[in-house]
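Please treat every number below as a calculation from the coordinates, not as lab data. From a predicted model like this one, the values you see are computed outputs, not experimental measurements. Because the Cβ atoms are built from the backbone with ideal geometry, glycine has one as well, and the counts that use them run over all protein chains shown.
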Amino acid sequence: MLTIGILEGDDIGLEVVPECVKVMKAAAAKTGLAVDWLPVPIARRAHDQLGHTVPQGTLETLERLDGWVLGPIGHREYPRNDPTWVNAHPLLRTHFQFFANYKPFKSYPNIPSVHKDVDMLFLRETTEGFKVDANLYKGYGEFMPTEELVVGLCITTRTKSRLIAEAAFEAARGRPRRKVSAIHKNTVYRMGDGLFADECRKVAARYPDVEFEEVIVDTCALRLAMNPQQYDVLVTTNLYGDILTDEAAGLVGGLGLAPGLNAGERHAMAQATHGSAPDIAGQGIANPYAMIMSGKMLFEWLGRKRKEPKAIQAAILIGEAMERVIAEATHLTRDLGGTASTAEMGDAVAAAA
């Protein structure tokens with residue numbers, strides 16, 4: 001049996017996470033996958049009830065789970081300089097060493113997008129690099145020694161570079177094109193990006209069945225805008241991935257079509273790319289696609305990691321169901337060109353699973 005946590009987050013998270021869980025439950029029931037679902041307090045509701053956005057005992061509870069679904073966190077609206085209002089995102093990434101961020105981007109024929117026939121997957125390392133809020137075990141990766149000087153740290157290790165490269169090549173093996181593009185800037189950052197590139201090459205040598213190329217990050221940004229169809233799996237460091245994945249989302253229809261999965265060596269967290277959208281919260285119009293497909297990715301990861309074929313089959317059912325709902329176009333939310341509510345779209349995907 002799998003044990004999966006439900007962390008609804010803030011704002012539209014209270015609407016899209018239940019739809020994600022609804023669809024995952026339907027797919028699990030169809031395949032006979034046994035799942036124990038456990039609600040876990042997090043974010044604003046947790047603060048209202050327990051006095052902290054990440055209450056005492058939350059991390060310990062999550063340690064005992066196989067994985068969890070995390071809704072968007074509206075941390076920009078949290079009070080500043082109050083230690084009880086913590087942004088859970090970097091805390092969870094650091095605590096559970098979620099070094100791998102999987103972000104797929106796919107265009108659909110009947111949904112408006114800059115490009116068609118796009119189907120690519122980004123693997124972004126998320127515990128190191130220039131992300132100063134999460135690249136140190138303790139402390140903050142940016143400091144100001146004098147009034148005129150700010151120093152920021154870029155952290156690159158062989159271990160995490162190797163792990164994210166291995167995740168990328170393993171993912172590529174499960175895709176039809178079997179191609180990995182390593183994105184870096186070793187022409188300038190010769191040591192840090194050079195180390196990352198070196199580890200990617202070493203891993204590539206162990207996967208002769210997967211095509212491998214290296215692309216300088218600014219060249220990649222240009223090629224993404226002009227011809228994203230050339231890419232399959234892209235692996236990169238933290239900051240580059242943060243920027244390029246937003247560009248990629250814009251190519252296929254926006255962040256509402258951008259699911260995501262954060263994974264370490266023992267746990268994984270389904271987390272859509274989009275924010276908590278407080279401007280539309282409570283209206284029942286939020287698009288649940290990204291959250292539902294993030295749940296699909298969690299089943300995929302758990303199926304491989306726990307060697308549970310029923311979880312992999314459940315993920316396949318969710319993917320096929322979403323394809324049908326989008327193709328039929330009768331139960332899509334407004335941003336996708338339809339008139340359905342959040343729950344109506346979720347119901348349609350659950351019924352099709």
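Miscellaneous remarks
- Each residue, residue 328 and residue 162, gets one label point 7 Å from its Cα in the Cβ direction; the gap between the two is 4.9 nm.
- Of all stretches in the chain that contain no chymotrypsin sites (Phe, Trp or Tyr not before Pro) in a DSSP loop with at most 12 other Cβ atoms within 10 Å, the longest one is 141-353.
- In the chain, helical runs assigned H by DSSP with n ≥ 4 each contribute -39500 (n - 2.57); averaged across all residues and rounded to the nearest 500, the mean residue ellipticity at 222 nm is -13000 deg cm²/dmol.
- Gained length - residue 150 relative to residue 230, 0.36 nm times residue gap less alpha-carbon distance: 24.9 nm
- Size of the stretch 1-72 from its Cα atoms: along the principal axes, largest to smallest, the extents are 40, 26, 15 Å.
- With K and R counted +1 and D and E -1, the other residues having a Cβ less than 13 Å from that of residue 330 yield a net charge of -2.
- Antiparallel DSSP beta bridges within the stretch 114-252, as percent of all bridges there, nearest 5: 20
- Spin-label pair residue 343-residue 173: with each label point 7 Å from Cα along the Cα-Cβ axis, the two points sit 4.4 nm from one another.
- Radius of gyration and Dmax over the Cα atoms of the stretch 30-145, both given in Å: 18.0, 59
- Considering only the Cα atoms of the stretch 114-252, their convex hull presents on average a projected area of 9.3 nm².
- Linear extension gain, residue 142 paired with residue 247, 0.36 nm per residue minus alpha-carbon span: 35.2 nm
- Entry for the chain at q = 0.14 Å⁻¹: log10 I(q)/I(0) = -1.22, Debye formula applied to identical alpha-carbon scatterers, no solvent contribution.
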